[in-house]
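Please find one structure pasted underneath; my questions will follow.
Just so you know, all these numbers are worked out from the coordinates, no wet-lab data involved. For clarity, every value in this text was computed on a predicted model and none was experimentally measured. Quick reminder, even Gly has a Cβ in these numbers, built from the backbone with ideal geometry, and neighbours come from all protein chains shown.
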Amino acid sequence: MLEEKLASINGIVDVSLIVISHYENPARMEALRFLRDVLKLKIRALIPTTAFIGAYHILTNYLKVPRKEAKDALIATLNTKSKAIYEDVSITDAVNAIDYAALYRIESWDGYLISLAKRFNAKIIYTIDKKLQGIEDVIAVNPIPEDKMREYHSFLEKLLKH
């Protein structure tokens, strides 16, 4: 069953979409719809469990979401136990992540997404990160409409000024 699931994967989900879907902001509803479709396997993508750990860090340290609120929201999603949530980080994946990070001059987390995409022959990385555009063998797709992304970026600018 697991092998079948992994063979049919066409995308990997970045931490950015986990963050946006777990706190109040202008793009949240679109991110939640996307996340729901991934968790229900309507979109055939994997979400690394490490994305939830990274999301907690971003939510609490940068976006100042109260720790309990961030914890409760993220754990509720993890507790869906969806087959879309991918639990394994191998040494090979870590080595490849670092290799890709060095090669493409990107964050090691982004290198990990590329490593997973290549490992599972997935062509799509679902992300809001424009740095992943132009990486060979993968396509960066932002599932949030451009107008909502503009609203989100404006919201972030105001939020981070305080």
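Would you mind finding the one in 89, 65 that is surrounded by 18 or more Cβ atoms within 10 Å (Cβ to Cβ) and either touching a helix residue (DSSP H, G or I) at 6+ places or on another chain (Cβ under 8 Å) or polar (S, T, N, Q) (or both)?
65
Let me ask something else. Which numbered condition in (1) free of Cβ contacts under 8 Å to residues at least 24 places away in the same chain; (2) part of a helix (DSSP H, G or I) is the only one that residue 77 fails?
Answer for residue 77: the failing condition is (1).
Now for a different question. Please enumerate the residues belonging to the range 53-74 that are among the hydrophobic types (A, V, I, L, M, F, W, C) and free of Cβ contacts under 8 Å to residues at least 24 places away in the same chain.
Answer for the range 53-74, where residues must be among the hydrophobic types (A, V, I, L, M, F, W, C) and free of Cβ contacts under 8 Å to residues at least 24 places away in the same chain: just 53.
If you don't mind, there's one more thing I want to ask. How many residues does the range 13-59 hold that are in a helix (DSSP H, G or I) and among the basic types (Lys, Arg)?
So the answer is 3.
Which count do you get for residues in the range 130-147 that are surrounded by 19 or more Cβ atoms within 10 Å (Cβ to Cβ) and not in a strand (DSSP E or B)?
The qualifying residues number 6.
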